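The values are calculated or read from the model by the stated rules, or taken from the named source; none is laboratory data. These figures come from a predicted structure and were not determined experimentally. Quick reminder, even Gly has a Cβ in these numbers, built from the backbone with ideal geometry, and neighbours come from all protein chains shown. Ligands, DNA and RNA are excluded from the accessible area calculation, which covers all protein heavy atoms including side chains. Shrake-Rupley method; radii C 1.70, N 1.55, O 1.52, S 1.80 Å.
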Amino acid sequence: MAKLKPWYQVVTPREDLRDNRPLEASEFAVHLDHIRTGRDTVSKDYTNPARFFERTYLTASLLELSSQVVRRLNGIQLETSAVFNMATQFGGGKTHSLTTLFHLARHGEESKSWKGVERILEKAGVRTIPKARTAVFVGTEFDAITGRKGDGEPTRKTPWGEIAWQLGGAEAFAKVAEHDAQGVSPAGDVLREMLPTGPTLILMDELLNYISSGRRLGLRDQFFNFLQNLCEEARGRNNLAMCISIPRSDLEMNPDDQRDHDSIKKLCDRTGKAILMSADREMQEIIRRRLFEWDGLPKDALATISAYAEWAADHSQELAGVDRDAVYEQFKSCYPFHPSVISVFERKWQSLPRFQRTRGVLRLLALWVSHNYQEEHRKNSQEPLITLGLAPLDNPLFRAAVFEQLGSSELEIPVTADITGKTSESHSLRLDKEATDAIKKAQLHRKVATTIFFESNGGQSQARAEASLPEIKTNVCSPDVNTADVDTVLEALAGSCFYLQWERNRYRFGLSPNLNQVLVSRRGSVEVPAIEDRIRKRTEELFRKNSSDACKFLEREFFPKRSNDVKEMPRVTLVVMSIEHLAEERVTMDLMESIVRDCGSSGRTFKSALIFAAADPNESIHEKTREVLAWEDIEDDDETKKRIEEDQLNLLKRNLKNAQRDLDEAIFRAYKHLYLLDKQNKLRHIDLGNITSSSAGSLAEAYLQRLGASGGLDEIVESVPARKLQAFWPASLNEWSTKSVRDAFYSSPLLPRLLNPEQIKRAIADGVTQGLIGYATKDSAGRLKLERLKESLFDADVEISEDVFILRPEEAQKLREPPRLTQLIVRPEHVVVKVGDQVSFTCAGTDQYGQPIALDKVDWSATGGAIDSNGLMTIGEHSGVFSVKATTNGAEALAEVRVTTSEEIPPPTPIGERYVRWRGAVPPQKWMNFYTKVLSKYATMPDLKLEVVFEAKVDREQADAKMHETKAALRDLGLDDTVSS
């Protein structure tokens, strides 16, 4: 769609509006008598008849009145009347209609060249407009005491004297001079002699003002007599017309005024014709003629009309008062105004007592157009239509005119505080500055607020006017504005404005402050200690909430200031740091490290059990708490609640609930930082990101989810498989007390944290039942006694104690099957000696568990030489290879003896070179100790030689895989990868 032109580039305001000189209200409400006398203060728009008709739109009612008066002046009595009672609301266009008749009658045939007169003649069915004698009586211009007098003129004390003077000068006045002097109304021949014989037009306006001021002087009855006599005389003539306008503002009527008003109306209705000067359906055309140099709709205007009409039809379900079939004509009839600008006065303002339907609207729109047309405003606005949102409420003159029509200047405070004003930045202007680019560019907060103000008529009507959401969208939205943005804007306004009332998508401005204003004052009175107390209380409540069974096993410690504020216990403990100890701050880190390290004057054992939660420094918990306390203060204040409206009381409950929810959410979001020991024994920081109450039922549950297996961290587990106990088994221990087993999950960061300590009983029971571990106790002498191995053991039967142990299965088996000799070893196994030497042999045994075992008597024998019962062998005289055998309890072992002559003996080891050699089996549980206690002593010696032989039984299916793994590992170490199977 091509860019639509701004309205001010398509149509041109009148010269005075372009020059920022809009007519004063008094000029829109000009007195007919001022036009008659040609006062300099009256605009040429009224005194120049051609110019007046150029700017006048002949509404149906004005055309009807004008044509009937013209027929009457032409002497035609058919389809016309002698007396017209002009019934309209105050400010409804009566004076403008009387001015039209005045110019026609005063200028006669000359008027035929004026714009629109041809239509009057056509409607009247005549070809001429006779020049008529005219008299104008305006009640507000005629003093009941002094009357009227000009230079060289007689004083006219009464309305009949004034009318006679205007119709016939001194001659006509002479006919009623005595009646005028005595204040007696003329009648009969005197009245007929006073009146001209030719075409005559008598215009009477604001009669009630005159009657009211003359009532105490006794003029009322005589005036009524004169009016009745004059009406009757007019009825009896065919070329005399009277037009009478009665009321002044209803606000100014007292009971006497109302009685006299009804009397005049009854008289006029009886003697003449009531004509309703309604221009509601043609108000748009009147406005365009009065405010613009109007010559029809330009092409660019039609483009704008089409675009807006199409958009409105497409969005009709979201808008108000949009008829898809008639929407184009709506926009067409109102251009350059949005239809809502024109209709709002009829829909929402016409019931206001001080509202002037025609005069008031014209005055407001003239100021409106003039202000928005000025260059400094055109630079900031490219709007194709003039909308309610563009009303210049920042202009004091326009604002005053609006308040005058609404009937209250007290609206100054709500308008400047919430909508716009130059003395201070309003809420809507501030919100626009802080909004997204699209909303800021469209000034949407200001437009929506201004629209609500007009649609709700400032809250001044007795029948409470409101702006519904569809009405707001109809006014504000356009092809370039997203309707969804209006919802965002309304939410922001409702949360900020002081005088905006709302209930279920219906909004209105008024004089009563809303809860926002009350909240601002209460927020300022909330003390810091109260805020801090509430934060601690609510934080503790949220952290204590157990939303799942797992949460119940989590210990909590709150707001520690020193290390002994956190108890020492073998349980996963959540330590909640206070709001004064924020995440990432050095003082917070130092405190957490001291708590991990110590518990008072003692070192802390269960340091891995601690999980710290610290608040984010960027979360506004203090402000959220202040708001909660302020709402609670309002809720507890009965006097304040009496001063606010009913819908605001309902809102108070919702706002309090929302504020409490927002505080909870702020605490949720803030405590996203966790700290716990990593495997290097250092505090690890975990940022959980954006956590909310919707992600978990409680903070404890959120932490457990993220730290558990489902969160991918595996820092906390709910149970431990029995097989894992073997993986966690300390290498230096053969037996492991059940208490030490449990404590290891809370003291060592190498192990996961077990949420429920009782689950260690399940792991032990399962391990014993499956034969993965043994379960043993110690007697009073400190000897282990096997209680269970590969036998059923229930959780409840497992005791967590320093005197109860779990054993590796092989160690447990030893307690069940006593050690027996399974292998003998004779040392030395190989020896080279010469004839006649002696060699001492020893014998050692190992049991079925690979452990040394004491031997009974050993029997020694040799195939050469002699050997005694202690293993001492004496070499014989013959060289060769002989064997030595040791036997005991059915087991035997051999050693080899090589006997040589003295010539065959190898040279002795050089003096100073000695070697240490050892050969034997090392149980797996002692591998690390063997390296630490034995090999480490020789690790730095360059001539150390270490040969390794190992053999492991593997499953047939896994043999090939294990072999490949072993070869690869050996290659990685740079060793020979020859492996046999």
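Between residue 616 and residue 112, what is the label-point separation in nm under the 7 Å Cα-to-beta-carbon projection?
Distance between the two pseudo-spin positions: 8.5 nm.
Could you give the alpha-carbon Rg of the stretch 632-778 over 2.2 N^0.38 Å, rounded to two decimals?
Ratio of Rg to 2.2 N^0.38 Å for the stretch 632-778: 1.68.
Please list the non-local residues whose amide H lies under 5 Å from the amide H of residue 778, H modeled 1.01 Å from N, same-chain partners needing a gap of 5 or more.
HN-HN under 5 Å from residue 778: 785.
Could you run the Karplus curve 6.51 cos²θ - 1.76 cosθ + 1.60 with θ = phi - 60° over the stretch 152-166 and give me ³J(HN,Hα) per residue in whole Hz, x for Gly and Pro?
x, 10, x, 7, 10, 8, 10, x, 5, x, 5, 5, 4, 4, 5
Compute the signed sum of charges (Lys and Arg +1, Asp and Glu -1) over the other residues within less than 11 Å, Cβ to Cβ, of residue 641.
-4
In Å and from the alpha-carbon atoms only, list the Rg and Dmax of the stretch 306-423.
Cα only, the stretch 306-423: 15.5, 46 Å (Rg, Dmax).
Taking DSSP loops as anything outside H, G, I, E and B, show the longest stretch in the chain free of chymotrypsin sites (Phe, Trp or Tyr not before Pro) there with at most 11 other beta carbons within 10 Å.
Working: sites that count: 794, 915, 918, 950.
Longest site-free region, per DSSP loop and neighbour criteria: 1-793.
What percentage of the solvent-accessible surface of the chain, computed with a 1.4 Å probe over protein heavy atoms, is contributed by carbon and sulfur atoms?
Answer for the chain is 47 percent, counting heavy atoms of protein chains only.
Can you tell me the relative contact order of the stretch 741-836? Whole percent, Cα pairs under 8 Å, sequence separation 6 or more. The partial results should precede the final answer.
On the way: 109 pairs, mean separation 22.9, N = 96.
Reported as a whole number, the value is 24 percent.
Give the lysines whose C-alpha is closer than 27 Å to that of residue 739, dropping any in the same chain fewer than 8 places away, or say none.
Residue 739 reaches 552, 567, 607, 679, 682, 724, 761, 778, 785, 790, 814, 926.
Quick one: net charge of residue 126's neighbours, Cβ under 13 Å, K/R +1, D/E -1?
With Lys, Arg at +1 and Asp, Glu at -1, the net is +2.
Whole-Hz ³J(HN,Hα) for each residue in the stretch 447-457, computed from phi via Karplus 6.51 cos²θ - 1.76 cosθ + 1.60 with θ = phi - 60°, x for glycine and proline: what do you get?
Result, rounded to whole Hz: 5, 5, 5, 5, 4, 4, 4, 6, 5, 9, 6.
Mind jotting down the three principal axis lengths of the stretch 293-511 based on Cα atoms? Whole angstrom, largest first.
Sorted from largest, the Cα extents of the stretch 293-511 read 43, 39, 37 Å.
Tell me, what HN-Hα J-couplings in whole Hz come from the Karplus equation 6.51 cos²θ - 1.76 cosθ + 1.60 at θ = phi - 60° for each residue of the stretch 102-116, using x for Gly and Pro?
Values per residue, Gly and Pro as x: 4, 5, 4, 5, 6, 10, x, 4, 4, 6, 5, 8, 7, 5, x Hz.
Determine the equivalent ellipsoid of the chain by diagonalising the alpha-carbon gyration tensor, then write out the semi-axes as square roots of 5 times the eigenvalues, largest first, rounded to whole Å.
On the way: eigenvalues 2805, 162, 86 Å².
The three semi-axes for the chain are 118, 28, 21 Å.
Can you list the lysines whose alpha carbon is less than 21 Å from that of residue 5, not counting same-chain residues fewer than 8 positions off?
Here the lysines satisfying the reach criterion relative to residue 5 are 299, 332, 379, 440, 441, 447.
For the stretch 525-711, what's the relative contact order in percent, using C-alpha pairs closer than 8 Å and at least 6 residues apart? Numbers along the way, then the final one.
Working: 255 pairs, mean separation 45.5, N = 187.
Relative contact order, the stretch 525-711: 24 percent.
List the trypsin sites (Lys or Arg not before Pro) within the stretch 451-552 that DSSP assigns to loop and that have no more than 10 neighbouring Cβ atoms inside 10 Å.
Values: sites: 464, 473, 504, 506, 508, 522, 523, 534, 536, 537, 538, 544, 545, 552; in loops: 464, 504, 545.
Those that pass, being in a loop and sparsely packed, are 504.
Just to check, using Stokes-Einstein with a Kirkwood Rh over alpha carbon pairs, what's the diffusion coefficient of the stretch 821-900 at 20 °C and 1.002 mPa s in µm²/s?
On the way: Rh = 12.8 Å.
The estimated diffusion coefficient comes to 168 µm²/s.
Determine the shape class of the stretch 60-278: with a ≥ b ≥ c the square roots of the Cα gyration tensor eigenvalues, call it rounded for a/c under 1.5, and otherwise prolate if a/b is greater than b/c, oblate otherwise. Each step should come with its number before you reach the end.
Values: a/c = 1.77, a/b = 1.28, b/c = 1.38.
Oblate, since a/c reaches 1.5 and b/c is not below a/b.
Can you tell which of 218, 770, 476 lies farthest toward the positive end of the dipole of the chain, using +1 and -1 charges on the Cβ of basic and acidic side chains (Lys, Arg; Asp, Glu)?
Of the candidates, 218 comes out farthest on the positive side.
Relative contact order for the chain using alpha-carbon pairs under 8 Å, separation at least 6, rounded to a whole percent?
Once divided by the residue count of the chain, the mean separation gives 7 percent.
Just for the stretch 60-278, what percent of DSSP beta bridges are antiparallel, to the closest 5? Walk me through the numbers before you get to the answer.
Details: 2 of 20 bridges.
Just about 10 percent of them are antiparallel.
Where does the charge balance sit around residue 559 when Lys and Arg score +1, Asp and Glu -1, over other residues with C-beta under 9 Å from its C-beta?
For residues surrounding residue 559, the net value is -2.
Using a 1.4 Å probe, what is the accessible area per residue for the chain, in Å²?
Roughly 49 Å² per residue, with all protein chains present.
Say a paramagnetic label sat at a point 7 Å from the Cα of residue 922, along Cα to Cβ; which residues of the stretch 732-748 have their backbone N under 20 Å from it?
Answer for this model: 732-735.
List the residues whose amide H sits under 5 Å from the amide H of residue 274, counting only those 5 or more places along or on another chain, with H placed 1.01 Å from N in the peptide plane.
85
Shape call for the stretch 460-507 from the C-alpha gyration tensor, a ≥ b ≥ c root eigenvalues: rounded (a/c under 1.5), prolate (a/b greater than b/c) or oblate?
Since a/c reaches 1.5 but b/c is at least a/b, the shape of the stretch 460-507 is classed as oblate.
Once amide H atoms are built 1.01 Å from N in the peptide plane, which residues 5 or more positions from residue 131, or in another chain, come under 5 Å H to H?
Counting only residues 5 or more places away or on other chains, the set is 109.
Which FRET efficiency value, to the nearest 0.05, do you get for residue 660 and residue 376 by plugging their Cβ-Cβ distance into 1/(1 + (r/R0)^6) with R0 = 41 Å?
0.30
Mind checking Rg over Rh on the stretch 475-610, alpha carbons, Kirkwood formula for Rh?
Ratio of gyration radius to Kirkwood radius: 1.23.
Under a cut-off of 19 Å between alpha-carbon atoms, report the lysines in cross-link reach of residue 857, not counting same-chain residues fewer than 8 places apart.
885
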